[in-house]
Number of protein chains: 2
Amino acid sequence: MNDNSVTPHNLEEKRGSRRRARTRADILAAARQVFAARGYHAASIAEIAERADIGVGTFYLHFRDKDEAFTTLLHECFSETRQRVQQAVEEEGQSLLVVLQAIFRYAYAQRDLFRIAFHADMQYARISRVQTAIAEILTSILTAAHEKEPLVGYDFSMQICFVTGMITQGIAQWLEHEEADPDKIVAQMLFLLRHGLPEQVLTGNSLEKQS
Amino acid sequence: MNDNSVTPHNLEEKRGSRRRARTRADILAAARQVFAARGYHAASIAEIAERADIGVGTFYLHFRDKDEAFTTLLHECFSETRQRVQQAVEEEGQSLLVVLQAIFRYAYAQRDLFRIAFHADMQYARISRVQTAIAEILTSILTAAHEKEPLVGYDFSMQICFVTGMITQGIAQWLEHEEADPDKIVAQMLFLLRHGLPEQVLTGNSLEKQS
């Protein structure tokens with residue numbers, strides 16, 4: 001029960017679990033490369049195993065199937081995004097800018113994974129999971145801001161829904177526009193959330209002012 | 001070659017094609033009820049045929065499979081949304097408010113379909129198609145507004161991407177919150193696009209002003 005006690009038996013167990021963790025990490029790294037190179041459907045467990053330098057049987061000791069390996073990759077990517085956001089907030093303060101920068105910069109680096117997750121062939125469940133994670137982060141920002149200075153007129157759950165939609169759609173851009181720089185996306189999103197859209201676009205009212 | 005010529009043969013042909021169109025419409029109406037009642041996966045062609053009062057064989061004369069019937073329903077829903085938007089714009093002028101109202105009011109009435117399309121089990125392709133249709137409408141609004149008065153600082157394709165994300169996420173709300181009233185969603189979206197979010201939320205800067 002005491003994890004700190006060092007006995008030959010414990011040492012052996014720890015070595016075994018380290019080895020298993022290494023193999024698992026190797027498989028995931030290989031899976032990622034194969035998914036990125038071939039896409040989800042064409043990726044095969046045989047190729048993943050070959051690239052990880054293990055037997056196909058060993059793959060199945062760690063993952064039920066290809067889908068579980070992919071879901072694990074995505075899940076690790078979300079956890080890491082969360083940690084990056086957490087760290088950025090601790091270092092730079094809690095604001096939407098800081099959160100957006102952390103999300104988009106990391107997501108851009110991981111865009112090979114997101115590109116697969118957002119592919120037309122994929123089930124919506126994966127995107128829903130990204131959205132739930134983002135919505136949780138946004139909730140804490142808005143709640144904290146609201147406690148300091150009440151945000152009047154904003155329906156929190158709806159606003160969080162809108163901003164979550166902006167973020168996932170922003171990430172989905174990398175499906176088609178490789179060149180969309182993460183900092184440029186963040187700058188444009190902040191521009192919209194700072195200035196809104198002209199009344200002319202919203203209601204057409206300022207058109208009357210024209211000659 | 002002349003569709004307006006009336007011959008007994010033509011009349012017969014027209015009657016046949018009207019009959020086929022009626023059967024097709026009956027099948028779609030039945031499919032919609034069965035999908036709404038059972039969900040996508042549990043819906044069976046046998047039940048759809050029974051409810052449409054046709055044989056299963058007749059179903060297959062009109063649709064390849066269950067998926068084609070569902071896709072057709074969705075497609076008709078998008079076309080109808082487009083027509084509603086078009087009509088609203090002609091009557092009330094081209095503005096985001098008018099477009100959002102038309103989209104959300106109609107989508108709310110069709111939320112049984114959207115709920116199925118946005119279900120976790122569904123492929124992302126369906127949602128992408130909704131987004132493409134919305135993005136096209138937004139492009140024409142922004143382009144028209146820009147021609148009348150240049151929109152400085154806005155990257156069009158990114159802003160359209162953000163607003164598209166807000167709209168699809170707003171529609172996805174009906175997956176969980178039946179009560180979200182379409183006009184309230186539009187009002188909140190317009191509120192956000194008019195006032196943006198407080199600087200305090202965006203960059204944390206106004207926090208310094210606090211005592």
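All of the numbers you see were taken from the coordinates with simple rules; none came from a lab. Small disclaimer: the values here were computed from a predicted structure and weren't measured. Heads up, the Cβs are rebuilt from the backbone with ideal geometry, glycines too, and the neighbour counts pull from every protein chain shown.
Quick look at the values:
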{"item": "Compactness index (Cα Rg / 2.2 N^0.38 Å), chain A", "result": "1.32"}
{"item": "Ascending list, in nanometres, of distances separating the residue B:8 label from those of the other copies (7 Å, Cα toward Cβ)", "result": "10.5"}
{"item": "Cα centroid separation - region A:60-101 against region B:17-63, whole Å", "result": "44 Å"}
{"item": "Among A:100, A:74, A:11, residue whose mean-square fluctuation peaks in a GNM of chain A (springs only between Cα atoms under 10 Å)", "result": "A:11"}
{"item": "Signed unit charges on C-beta, dipole axis of region B:7-63, positive-most listed residue B:8, B:56, B:27", "result": "B:8"}
{"item": "Largest-first principal axis extents, alpha carbons of the protein assembly as shown, Å", "result": "97, 62, 38"}
{"item": "Where GluC sites (Glu not before Pro) fall in DSSP loop in region A:115-211, at most 11 other Cβ within 10 Å", "result": "A:176, A:178, A:179"}
{"item": "Degrees separating the helix A:8-38 axis from the principal Cα axis of chain A, which is the longest one", "result": "50 degrees"}
{"item": "Per-copy distances of the residue A:129 label point, shortest first, in nm (7 angstrom along Cα→Cβ)", "result": "2.6"}
{"item": "Percentage of interatomic Cα-Cα distances in region A:56-135 larger than 18 Å", "result": "48 percent"}
{"item": "Rounded to 10°, Cα long-axis angle of helix B:182-195 versus longest principal axis of chain B", "result": "30 degrees"}
{"item": "Loop trypsin sites (Lys or Arg not before Pro), region B:22-100 (other Cβ atoms within 10 Å of the site Cβ: 14 or fewer; DSSP)", "result": "B:64"}
{"item": "Qualifying aspartates and glutamates (Cα of each under 20 Å from Cα of residue A:14; at least 8 residues distant if same chain)", "result": "A:3, A:26"}
{"item": "Degrees between helix B:66-92 axis and first principal axis of chain B (Cα, 0 to 90, nearest 10)", "result": "60 degrees"}
{"item": "B from A by rotation - nearest chain A beta carbon to the axis, in Å", "result": "A:165, 2"}
{"item": "Directionally averaged projected area (convex hull, Cα atoms, region A:44-88), nm²", "result": "3.6 nm²"}
{"item": "Furthest towards positive pole of dipole, B:88, B:39, A:197, structure part the protein assembly as shown, Cβ charges", "result": "B:39"}
{"item": "Rg over Rh [alpha-carbon atoms, Kirkwood Rh] for region A:8-63", "result": "1.11"}
